[in-house]
C-alpha cells in the first residue's frame, strides 16, 4: 500500500520547463559540501540515493534537510518515507508527529505508517484527512478503503470503492480492490466485472489475471478461468501459487495430466509448496499409488503443519499401507487442528 512519491523532484528544484542535465552523485556531493546550510542539496542527494535503493544513506540527507528547515512539509515527508522503507515505521511516525504539516501527502503518509504499525483506527483518521484535503487523489481513497477493510469496516470500504470506481474509472487498482471486496463477500458476478475492468487497464498485471481467474471459477465459468490463469502464467511463469490454481482448474475440467504437470511446475519453482504436494497426493490416491500419495502428504504437512486436510489424507494413506501407529498419530494431529 506504500506509495513511492518523492515530493521534491530534481526537475522541480532546478526549474521546470528548462532542459537541464540531471546532476551526478559527484555533483550532488560537491553541492552538499559547498552549501551545508542549504536544505535543497541534501534533499536532492537523498532523492538520488532513494532512487538507487540506498535508503539508509538517504536518511541522513533528509534528516539534515529537515534540521535546516523544520517547517518544510517536503522535508518531513521525504524523511518519513525513507524511514518507512527502511522498516523504521516507529521512527517515521515520530518524525511526522514532531513536524506536522497540513498537507494531503503528510496525512496520507502518516496513515500508511500507522497501518504498518497495525494502528488501523488512527490510520483511518489520517487517511480521511488526506482524502478531505485532496479528494481528487485516487491513491488516498484506495489506501483509506483498504484500511477500513483491514479494520473490519467492510461495508464502508466497499461503498468507498464503488464511489472510487465512478470517480476514477481509469485507475486499475481501485477496480481490483473492489473486486477483492466483492469476491470476499461472495458477490462473484460483480467481482468478475470489477476485475475485468482492472485487467483492461493493466493488461500486464499477472496478479490481477489470477484474481480474475478465481472470480470466474467462483461463478462456474471454468473455461474463462482457465484462460485467465494461463494469461497470468504467461506474464509470470514462476508464480507457484498460480500454477496450483491452474492445476485445480484443470482437475475440474477433467484434465488430470495437465493438472499434474501444473503442480509439478509449481514445485519446480517452490519445492516446499504445501498445496502442490497436497494436490499431487490426491492425484496419486486417484491412481491407487499409495506410496506416492503418502510421500506428497508428508511433504505437505512438513511445509504447512496447519493444513488439516493433508493430515486427514495422510491418516488414510498410512491406514491403507498398514501403518496403524502412524495413522493414529496423523489422525490425532488432524483432530487437534481447528
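The values are calculated or read from the model by the stated rules, or taken from the named source; none is laboratory data. Just so it is clear, the model here is predicted, and its values are computed rather than measured. Cβ atoms come from the backbone with ideal geometry, glycine included; neighbour counts cover every protein chain shown.
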For the stretch 1-52, how many residues meet the condition of being over 18 Å from residue 82 (Cβ atoms), modelled with pLDDT under 50 and assigned to a loop (DSSP other than H, G, I, E, B)?
-> 5
Lone unmet requirement of (1) surrounded by fewer than 22 Cβ atoms within 10 Å (Cβ to Cβ); (2) touching a residue at least 12 places away in the same chain (Cβ under 8 Å); (3) in a helix (DSSP H, G or I) for residue 204 | (3)
Which listed residue, of 331, 336, 308, is more than 23 Å from residue 260 (Cβ to Cβ) and under 30 Å from the mean Cα position of the chain (by Cα) | 308
Considering the stretch 131-148 alone, what residues qualify as being farther than 14 Å from residue 111 by Cβ and in a helix (DSSP H, G or I)?
-> 138
So is residue 159 more than 20 Å from the chain's Cα centre (by Cα), part of a helix (DSSP H, G or I) and farther than 27 Å from residue 82 by Cβ or not?
-> yes
Quick one: in the stretch 217-236, which of the residues that are buried (at least 24 other Cβ atoms within 10 Å of the Cβ) and over 19 Å from the mean Cα position of the chain (by Cα) is nearest to residue 183 (Cα to Cα)?
-> 225
Test residue 192 against the criterion of being surrounded by 17 or more Cβ atoms within 10 Å (Cβ to Cβ), within 17 Å of the chain's Cα centre (by Cα) and either at pLDDT below 95 or in a helix (DSSP H, G or I) (or both), and give yes or no.
-> no
Test: residue in the stretch 98-115 that is assigned to a helix (DSSP H, G or I), surrounded by fewer than 23 Cβ atoms within 10 Å (Cβ to Cβ) and at pLDDT below 95 | no
